[in-house]
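The values are calculated or read from the model by the stated rules, or taken from the named source; none is laboratory data. Quick caveat: nothing in here was measured; it's all calculated off a predicted structure. Using ideal geometry, Cβ is built from the backbone for each residue, glycine included, and neighbour counts are taken over all protein chains shown.
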Amino acid sequence: MEIYPILASLKRNKIQALLIVLEIALGCAIVSNAVFMIGQRMERMNRPTGMANEEIIRINVGGLAEGSNPGSVVRQDLANLRSIPGVKAATSLNHVPMDGASWDSSINISNDQTTPSLSAGVYLGEDIVNTLGLNIAEGRNFIAEDYVDWEGFNAQATDLRISSVIITREMAQRLFPGESAIGKQIYSWNPDNSPHRVVGVVERLIRPNDNGGSSAVGYSMLLPMKDVTMGRFALRTDPGRRKEVEQAAIALLESASSRRIILQHASFSDVMRDYYRKDRSMAWLLGVLMILLLTVTSLGIFGLVSFWVSQRTKQIGIRRALGATRMQVLRYFQLENFILATFGIVVGMIGAYGINLLLMNHYELERLPMLYLPFGAITLWIIGQLAVYSPARRATLVSPAVATQSI
Amino acid sequence: MFRYYLSLALRSFRRNKPLVGLMILAISLGIGGSMTALTIFTVLSGDPIPQKSDRLFYPQLDPRPMNGYVPGGDPEDQMTRFDVEMLLRDRRGDRQAIMVGGSVSVESKGGDRPFIVTARYTTADFFAMFNTPFRHGAGWAIDDDEGRAQVAVISKTLNDKLFGGGNSVGKTLLVSDQSFRVLGVLDEWRPLPKFYDLTNDRFSEVEQVFIPFWTSQSLTLGIKGNMSCWGDVRSDPEGSRAVNAPCSWLQYWVELDSLEKVESYKQYLTSYSEQQHRAGRFERPTNVRLNGVMEWLDRKGVVPSDVRLQLWVAFGFLLVCLLNTVGLLMATFMRRSSEIGVRRALGASRGAIFTQFLIEAGAIGLIGGFAGLILAQFGVWIVRQQADSYASEVHLGASMLLTTFLLAISVSVIAGLLPAWRAMQVSPSLQLKMQ
């Protein structure tokens with residue numbers, strides 16, 4: 001198939017050719033970025049928490065700490081909760097992740113640092129490892145002697161100190177690269193700045209929220225606190241029994257006092273789903289937009305090419321009169337569209353990177369990986385070919401007799 | 001001539017229904033998407049208190065230790081209790097108030113189970129400073145602040161729920177099991193964003209109950225916000241909320257009615273900071289700021305980045321629609337080359353042809369604008385179904401309506417420039433020959 005006649009014809013219809021090239025370029029640039037952004041959101045929603053997501057229920061209670069001895073109230077609550085059939089483990093803690101609250105602490109590895117080594121999310125509670133379903137990768141879980149009473153620790157002029165800490169693998173690698181973190185000391189929560197000893201490393205525990213950015217999302221630590229009185233409870237059970245256990249737990253907690261208010265109760269997977277609501281909406285929005293954009297682009301190309309074909313009936317007629325078959329006429333237009341689309345896609349790729357750079361600077365986005373470019377290219381090639389098919393077929397119906405009509 | 005061109009345009013629409021339909025579709029989709037995104041953006045980025053935003057200021061100090069100090073960094077977002085109490089005592093502004101968010105259980109006397117509501121613990125000037133509208137009664141006085149009076153101002157919503165919406169001034173309210181006397185009931189008030197406290201949900205309704213700050217602290221009512229501590233808090237029974245605690249957790253706003261007062265307040269902040277430095281409380285070099293309302297909102301990036309991204313995405317889509325409309329307009333106009341030739345031969349100038357087709361493009365834009373408006377209403381409806389706290393406040397106002405049409409007509413006229421120019425180049429003689 002000769003390219004030269006096609007190019008020559010394009011040169012004489014520069015504006016229309018340029019329009020198609022630009023339409024395809026803009027479409028390609030936006031689609032590549034849109035697909036990438038959808039991918040980013042989905043990646044974010046699939047971040048591993050390190051927990052047994054499907055097995056956990058969280059219940060937040062208000063009006064808990066009113067009264068003379070909140071510690072013993074919590075102890076009673078936990079004893080009751082643990083006796084519910086189906087409950088594998090229960091704890092009172094400061095928060096589960098993604099629940100709106102976040103406790104963070106800056107971490108030092110020596111006492112005379114001027115800037116903290118990093119900031120980590122802090123989880124306080126009894127037996128969090130088993131209740132949240134974490135995996136101990138190195139060292140051990142907390143034992144009874146490690147635990148410090150929450151109310152006692154917060155009392156004025158206390159001499160209680162937290163001696164042990166469990167950190168995540170990412171945090172261990174960041175603080176002590178290349179070595180085992182077990183036995184090492186970090187400085188964080190003790191009132192006189194005495195150190196905590198790392199007794200265990202968990203594989204992963206996601207931070208409570210996005211504090212610290214995406215690179216710090218795996219920095220979490222567990223402090224051994226008993227009978228935390230913040231009114232936040234977490235239970236572990238079988239995925240199939242979550243509803244019944246949740247109902248039983250609520251009934252139990254409510255019955256303990258008439259002044260209590262159950263603030264929020266849900267399975268942890270619902271908490272996660274709610275947390276990622278905005279990301280889901282954005283992904284949907286981008287998806288719908290992409291479809292609309294491709295529709296508009298294909299309709300635009302369809303309209304323009306239809307008109308273009310009608311402008312060139314004389315040429316088509318002459319070619320047919322000189323012996324071109326219907327199929328050759330069809331192929332001519334398809335090839336012409338393919339060439340234009342290729343130009344458009346090349347420009348579009350450059351545009352895609354340009355848009356990506358703009359987005360990177362203003363929004364937390366990463367560089368567009370090369371992988372997404374072929375996707376945009378193939379989509380636009382297909383769109384172009386679909387749009388040109390109908391007008392091209394109409395072109396084949398031009399009778400050779402047209403060539404001999406008026407000049 | 002305008003009416004004549006319009007009638008020519010309408011005639012062409014009738015003859016060219018599919019092409020014109022495609023163009024209207026393209027424009028309405030682009031406009032619908034852009035206007036939806038623009039409406040959301042406008043709701044979230046507007047001035048929450050336009051009648052007063054140029055006179056309200058948010059001061060910042062830096063009380064943190066040298067550990068972690070970065071030269072040229074931002075001062076601390078919130079203030080320590082020591083600092084706000086000192087600033088309030090000095091009363092250097094026309095009005096000033098300490099405030100912090102809270103969470104309390106409330107019930108009316110003899111009512112059913114208590115329920116949890118959001119609260120704000122603040123000082124007397126809050127209400128006059130922010131021009132809060134009152135339905136009944138008024139706020140409390142400075143004496144109530146200092147006397148730790150158990151008084152409260154409640155929101156309209158809470159008043160409706162607990163007291164049936166009547167005049168509840170003087171009635172008793174149980175807040176976390178303590179008796180409070182209602183002094184005032186606020187009318188509908190929803191500054192968007194809730195600029196005075198950016199640590200909690202920035203677009204939610206205002207708090208349900210307002211209580212004097214020192215009252216709330218002596219009763220240790222629950223607080224809600226950000227608490228940032230940099231030292232030992234266990235040496236005081238009040239912990240992180242003690243007067244001398246090394247923790248920042250409070251907001252402080254000041255009203256300054258003239259530029260000179262703004263300047264002198266800035267100097268006051270600087271000399272206060274230096275005084276604290278000399279006393280050994282502040283370790284870092286003086287780093288004070290006095291932010292106006294919009295400046296503060298801008299600094300804290302109040303409009304969620306997703307909303308801004310959606311705006312750009314919508315405008316990108318509009319650009320695609322514009323570009324495709326150019327092609328379709330080109331097709332529509334050039335199809336009528338013989339008609340153009342006849343008009344030119346009959347004496348129409350190039351400019352007349354140009355104008356004719358621009359008006360036709362504008363007419364398409366107008367129709368597209370109508371369709372786009374319907375789509376935008378649909379888009380806004382979808383947004384309101386989302387569970388975002390600001391969803392109920394998103395609606396197409398009069399200015400947005402006007403913007404829709406202006407945008408639609410501008411887009412289609414811009415799209416029509418190239419095709420109209422091409423149309424006016426049509427040589428009459430060539431067209432007449434090819435009958």
_Regarding the stretch A:321-328, can at least one residue be identified that is over 21 Å from the mean Cα position of the chain (by Cα), of a type in the set (K, R) and surrounded by fewer than 16 Cβ atoms within 10 Å (Cβ to Cβ)?_
yes
*Set A:T168, A:T237: member being under 24 Å from the mean Cα position of the chain (by Cα) and surrounded by 21 or more Cβ atoms within 10 Å (Cβ to Cβ)*: A:T168
*asked:* Name the single residue that is farthest from the other protein chains (Cβ to nearest Cβ) among those in the stretch A:41-78 being surrounded by fewer than 18 Cβ atoms within 10 Å (Cβ to Cβ) and under 15 Å from the mean Cα position of the chain (by Cα).
replied: A:P48
*Does any residue of the stretch B:224-242 turn out to be touching an Asp or Glu at 6+ places or on another chain (Cβ under 9 Å) and hydroxyl-bearing (S, T, Y)?*
yes
_Failed item, numbered, when A:P177 is tested on (1) within 14 Å of chain B (Cβ to nearest Cβ); (2) under 30 Å from B:P71 (Cβ atoms); (3) loosely packed, with under 15 Cβ neighbours inside 10 Å_ = (1)
*Taking only the stretch B:46-95 into account, find how many residues are assigned to a helix (DSSP H, G or I) and in contact with a Cys (Cβ under 9 Å, 6 or more places away or on another chain).*
1
*Candidates B:D306, B:D257, B:D298, filtered to the one that is more than 9 Å from chain A (Cβ to nearest Cβ) and under 30 Å from B:V380 (Cα atoms)*: B:D298
*Residue check: is B:T332 assigned to a helix (DSSP H, G or I), of a type in the set (S, T, N, Q) and more than 29 Å from the chain's Cα centre (by Cα)?*
yes
_Between B:V206, B:V185, B:V262, which is closer than 30 Å to B:I40 by Cβ and among the β-branched types (V, I, T)?_
B:V206
*Residue count for the stretch A:263-285, restricted to those that are within 7 Å of chain B (Cβ to nearest Cβ), in a helix (DSSP H, G or I) and touching a residue at least 40 places away in the same chain (Cβ under 8 Å)*: 1
*Within the stretch B:254-268, can one find any residue that is out of contact with any Asp or Glu (no Cβ under 6 Å at 6 or more places or on another chain) and of a type in the set (V, I, T)?*
yes
_Subset of the stretch A:135-174 [touching a residue at least 60 places away in the same chain (Cβ under 8 Å) and more than 14 Å from chain B (Cβ to nearest Cβ)]_ = A:N135, A:I136, A:A137, A:E138, A:G139, A:R140, A:F142, A:D146, A:Y147, A:S164, A:T168, A:M171
*Candidates B:M66, B:M23, B:M35, filtered to the one that is more than 30 Å from the chain's Cα centre (by Cα), of a type in the set (A, V, I, L, M, F, W, C) and surrounded by 18 or more Cβ atoms within 10 Å (Cβ to Cβ)*: B:M23
*What helices (runs of 4 or more DSSP H), lying completely within the stretch B:346-435, carry at least 3 residues that are in contact with a Phe, Trp or Tyr (Cβ under 8 Å, 6 or more places away or on another chain) and at pLDDT 85 or above?*
B:350-385, B:398-424
*asked:* So, B:A138, is that one touching a Phe, Trp or Tyr at 6+ places or on another chain (Cβ under 6 Å), surrounded by fewer than 22 Cβ atoms within 10 Å (Cβ to Cβ) and among the aliphatic types (A, V, I, L, M) or not?
replied: no
*Taking helices (runs of 4 or more DSSP H) that fall entirely within the stretch A:299-407, which contain at least 2 residues that are within 14 Å of chain B (Cβ to nearest Cβ) and closer than 18 Å to A:I3 by Cβ?*
A:326-362, A:372-396
*From the set of residues in the stretch B:190-219 that are out of contact with any Lys or Arg (no Cβ under 8 Å at 6 or more places or on another chain) and farther than 21 Å from B:Q60 by Cα, which is surrounded by the most Cβ atoms within 10 Å (Cβ to Cβ)?*
B:S216
*Out of the stretch A:1-40, which residues are surrounded by 14 or more Cβ atoms within 10 Å (Cβ to Cβ) and more than 29 Å from B:V326 (Cα to Cα)?*
A:I38, A:G39, A:Q40
*Within the stretch B:321-336, is there a residue that is free of Cβ contacts under 8 Å to residues at least 24 places away in the same chain and either away from chain A (no Cβ under 14 Å) or among the basic types (K, R) (or both)?*
no
*Restricting the search to the stretch B:98-137, which residues are in a strand (DSSP E or B), among the charged types (D, E, K, R) and under 30 Å from B:T80 (Cβ atoms)?*
B:R120
*Filter result (over 15 Å from A:V198 (Cβ atoms) and part of a strand (DSSP E or B)) within the stretch A:124-163*: A:L124, A:G125, A:V148, A:D149
*Would you point out which residue out of B:L10, B:L25 is away from every other protein chain (no Cβ under 13 Å) and either among the aliphatic types (A, V, I, L, M) or farther than 30 Å from B:L319 by Cα (or both)?*
B:L10
*the stretch B:82-138, residues that are modelled with pLDDT of 95 or more and among the aromatic types (F, W, Y)*: B:F82, B:Y121, B:F126, B:F127, B:F130, B:F134
_Cβ-Cβ distance below 7 Å, separation of 6 or more or different chains: which pairs start in the stretch B:5-33 with a residue that is in the same structural domain as B:F378 (by TED's automatic domain parsing) and closer than 21 Å to B:W381 by Cβ and end on one that is part of a helix (DSSP H, G or I) and polar (S, T, N, Q)?_
B:I27/B:T325; B:I27/B:S412; B:I31/B:T404
*Can you tell me how many residues in the stretch B:256-288 are in contact (Cβ under 8 Å) with a residue 24 or more places away in the chain, in a helix (DSSP H, G or I) and β-branched (V, I, T)?*
1
*Could you pull out the residue among B:S427, B:S389 that is surrounded by fewer than 22 Cβ atoms within 10 Å (Cβ to Cβ), assigned by TED's automatic domain parsing to the domain that holds B:V20 and more than 23 Å from the chain's Cα centre (by Cα)?*
B:S427
*For the stretch A:96-110, state whether one or more residues are surrounded by fewer than 18 Cβ atoms within 10 Å (Cβ to Cβ), part of a loop (DSSP other than H, G, I, E, B), more than 25 Å from the chain's Cα centre (by Cα) and in the same structural domain as A:N209 (by TED's automatic domain parsing).*
yes
